[in-house]
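Everything below concerns the one structure shown next.
The values are calculated or read from the model by the stated rules, or taken from the named source; none is laboratory data. Note that the structure is a prediction, hence the values are computed from the model and not measured. Cβ placement follows ideal geometry from the backbone for every residue including glycine, while neighbour counts extend to all protein chains displayed. Surface areas here come from the heavy atoms of the whole protein model, side chains and all, with no ligands, DNA or RNA. Shrake-Rupley method; radii C 1.70, N 1.55, O 1.52, S 1.80 Å.
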Amino acid sequence: MKSSKMLKVVSLVSASILSMGILAGCGSSSKKVSTDAVNNSSEVLTDKGSNQAQSDNVIVMGTNAEFEPFEYRDGLEITGFDVEIAKKIAEKLGKELVIEDMAFDTLIMALNSDKVDFIAAGMTATDERKTQVDFSDSYFKSQQMIIVKADDTTITTADDLAGKKVGVQLGTTGDLFVSTTEEIAEVAQFQAGTQAVMDLKNGKIDAVVIDAEPAKKMTEGQSDLKLLDAPFIEEEYAIAVKKGNDEILAAINETLAAIKADGTYDEIYAKYFDVAQ
Ligand code: ARG
């Protein structure tokens, strides 16, 4: 990847996330945006629309449990790295943790309408999102990566996505990159990264752009898929709270600092990831 292009990409990510919905419609004039994938989604969205965030005894985490190892379903249970961190935050506040699973692109709306108290969803703290929510200190470093078919010889870096049909999870930074990179022919938006990978396997799209750790999970043991060793956007995950909710933000930052200091963070980390970061 040429660095000049990448610099542009990074600033796009930080500059444009707020207007992503609008951008999908008019950001890049020539790109075909396929939303079939989203409309025909078999995804079960379990946003109950409740107002649990108001209750005294519980604290509600908003997430999208389609992002292993950060949040995913293990049977009926939602588990993962973010869930374990969230449990520590709830503990610190002396409250019970309730998890609301919903489409990723509705999380900020749910937060700002008090349906959830915070978002823990492998969410990248972009400058645009910072205009809508307050972010905690960062708790994880990530990158965007590319998945292609194992026998693909045409794509080895992000530059090679030019002219291709690329799948993403709707409303993510990967979506923003693909939707705003004019050279990319088509973006196929899905409610879940796994659905994008399914279409890749079926030959309906040429590549999937998604965060590094979920990309590793999705390609593990899949002999027909290949994860390119060409990460191309650096990002940092943080927990989001409603703007001005300083009390909960302080509790979150204190919890993050405490679990980093006493080794709990490393313990949780070792459960879900290979190498310490
Ligand atoms: N880090 C990316 C973003 O913030 C993707 C996050 C997707 N998370 C999820 N739980 N599905 O846009």
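Go over the candidates Leu45, Leu97 one by one and state the one that is more than 28 Å from Glu234 (Cβ to Cβ) and at pLDDT 90 or above.
Values: Leu45 fails: at pLDDT 90 or above.
Sole residue among the options that is more than 28 Å from Glu234 (Cβ to Cβ) and at pLDDT 90 or above: Leu97.
Being open to solvent by 30 Å² or more (accessible area, probe 1.4 Å) and away from the ligand (no atom under 13 Å from the Cβ) is the filter here, so list the residues in the stretch 141-151 that pass it.
Correct list: Lys149, Ala150, Asp151.
Which members of the stretch 223-255 meet the condition of being open to solvent by 30 Å² or more (accessible area, probe 1.4 Å), more than 20 Å from the chain's Cα centre (by Cα) and closer than 19 Å to Gln144 by Cβ?
Lys226
Please state which one of Lys164, Lys130, Lys204 is surrounded by fewer than 24 Cβ atoms within 10 Å (Cβ to Cβ), modelled with pLDDT of 95 or more and under 26 Å from Glu236 (Cβ atoms).
Result of the check over Lys164, Lys130, Lys204: Lys130.
Residues that are out of contact with any Pro (no Cβ under 8 Å at 6 or more places or on another chain) and either hydrophobic (A, V, I, L, M, F, W, C) or away from the ligand (no atom under 13 Å from the Cβ) (or both): find the helices (runs of 4 or more DSSP H) completely inside the stretch 77-140 holding 2 or more of those.
81-93, 107-112
If you scan the stretch 202-226, which residues turn out to be in contact with a strand residue (DSSP E or B) (Cβ under 6 Å, 6 or more places away or on another chain), more than 12 Å from the ligand (Cβ to nearest atom) and within 22 Å of Lys271 (Cα to Cα)?
Residue satisfying the conditions is Thr219 alone.
All but one of (1) within 16 Å of the ligand (Cβ to nearest atom); (2) open to solvent by less than 10 Å² (accessible area, probe 1.4 Å); (3) in contact with a Phe, Trp or Tyr (Cβ under 9 Å, 6 or more places away or on another chain) hold for Leu176, so report the exception by its number.
Every condition holds for Leu176 apart from (3).
Just one of Val187, Val209 is touching a Phe, Trp or Tyr at 6+ places or on another chain (Cβ under 9 Å) and in a strand (DSSP E or B); which is it? Talk me through it step by step, then tell me what you get.
Working: Val187 fails: touching a Phe, Trp or Tyr at 6+ places or on another chain (Cβ under 9 Å).
Only one candidate passes the filter, namely Val209.
Might you check whether a residue that is open to solvent by less than 10 Å² (accessible area, probe 1.4 Å) and among the hydroxyl-bearing types (Ser, Thr, Tyr) occurs anywhere in the stretch 57-80?
Checking the stretch 57-80: at least one residue is open to solvent by less than 10 Å² (accessible area, probe 1.4 Å) and among the hydroxyl-bearing types (Ser, Thr, Tyr).
Taking only pairs six or more apart or across chains, which ones have beta-carbon atoms under 8 Å, a first residue in the stretch 123-145 that is basic (Lys, Arg), and a second residue that is within 12 Å of the ligand (Cβ to nearest atom) and outside any strand (DSSP E or B)?
Pairs found: Arg129/Ile17; Arg129/Ile108; Arg129/Met123.
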